[in-house]
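Take a look at the structure below.
Where a number appears in this text, it was derived from the coordinates with a stated rule and is not lab data. Just so it is clear, the structure is predicted and the values come from calculations on it, not from any experiment. For neighbour counting, all protein chains shown are included, and Cβ atoms are generated from backbone atoms with ideal geometry for every residue, glycine included.
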Amino acid sequence: MTKTSLQNCTIVVTRPTGQAEKLIDILENAGATVVHFPVIEITAMPEQERLLEQARQLGTYDIAIFISRNAAIYGIALLQQDGWPEYTQIAAIGNGTAQQLQSLGYRANIISSTTANSEGLLAEPLMNSVKGKRILIVRGQGGREKLAESLRSRGAKIDYFECYKRSCPSINADVLSQLWDRNSMHGIILTSAEGLKNLYQMVSKNDLPRLNSTLLYVISSTMVELCGKLGYKLTPVLLPSAHDEDVLESVTEQCAVKTP
């Protein structure tokens with residue numbers, strides 16, 4: 001990838017603060033102008049003592065499922081107090097989550113290999129033999145119930161370990177308006193359905209038509225469908241995954257400037 005591959009291409013990265021730097025560096029190294037506009041704010045759950053008490057019971061679970069990078073970051077910080085129990089397997093939704101766990105010193109025994117979502121993990125053979133097993137789902141506050149419901153239908157006993165919360169940042173969206181005014185917005189990268197919804201809340205009503213005609217990069221078919229429900233007028237770019245390299249490749253295919 002040459003330094004000029006994305007020359008004159010301006011891309012908005014919406015990952016939370018503290019989790020966007022690597023992607024920003026990769027895009028900038030390819031020549032892009034990058035604007036960081038976080039659409040989700042991630043904070044630790046305040047009830048730390050309750051969570052620490054729950055963490056002490058980790059060894060009673062057969063499997064701990066980490067649903068995201070944030071689940072790995074915030075969950076491991078609490079669950080590793082006395083080391084990891086020998087007989088508690090680790091499952092990760094998506095390679096990104098598995099890589100985050102590995103960076104923290106933990107190897108996932110089960111990884112969703114097809115798609116980075118609940119459906120992908122449920123399709124893994126090892127998740128079909130869970131009758132009578134105790135499973136801990138490490139996640140943020142709230143979220144989809146499909147994973148827990150499906151595992152319960154297979155005979156598993158499910159508990160949640162909600163170690164962080166998500167909120168919509170209170171930041172001004174004027175920076176996006178200015179990009180649209182200059183006709184220099186070439187795409188917005190979104191990596192969660194909640195972030196997509198937040199973006200539509202954060203943008204002013206006057207800018208909604210411009211958002212609806214801006215190229216959006218998303219990571220799931222669920223997000224593609226959500227775009228249509230929110231009034232989006234184009235066909236979003238469905239990224240192969242949220243990996244930085246996959247994002248770079250897709251952005252390059254869409255808006256690379258070919259130089260002589």
So is Gly96 within 19 Å of Ala242 (Cα to Cα) and touching a helix residue (DSSP H, G or I) at 6+ places or on another chain (Cβ under 8 Å) or not? yes
Which is out of contact with any Pro (no Cβ under 9 Å at 6 or more places or on another chain), in a loop (DSSP other than H, G, I, E, B) and under 24 Å from Pro16 (Cβ atoms), of Gly120, Gly83, Gly132, Gly143? Gly143
Taking segment 157-191 on its own, how many of its residues are within 21 Å of the chain's Cα centre (by Cα), aromatic (Phe, Trp, Tyr) and not in a strand (DSSP E or B)? 0
Among the listed residues Ala123, Ala173, Ala156, which satisfies the condition of being over 22 Å from Tyr74 (Cα atoms), hydrophobic (A, V, I, L, M, F, W, C), surrounded by 13 or more Cβ atoms within 10 Å (Cβ to Cβ) and in contact with a strand residue (DSSP E or B) (Cβ under 6 Å, 6 or more places away or on another chain)? Ala156
With the requirement that a residue be surrounded by fewer than 19 Cβ atoms within 10 Å (Cβ to Cβ) and assigned to a strand (DSSP E or B), what does segment 108-117 give you? Ile110
Matching residues, segment 181-194, being surrounded by fewer than 17 Cβ atoms within 10 Å (Cβ to Cβ) and without any contact (Cβ under 8 Å) to a residue 40 or more places away in the chain: Asp181, Arg182, Asn183
For segment 1-70, list the strands (runs of 3 or more DSSP E) that sit wholly inside it and hold at least 3 residues that are farther than 27 Å from Ile111 by Cβ; which are they? 10-13, 33-36
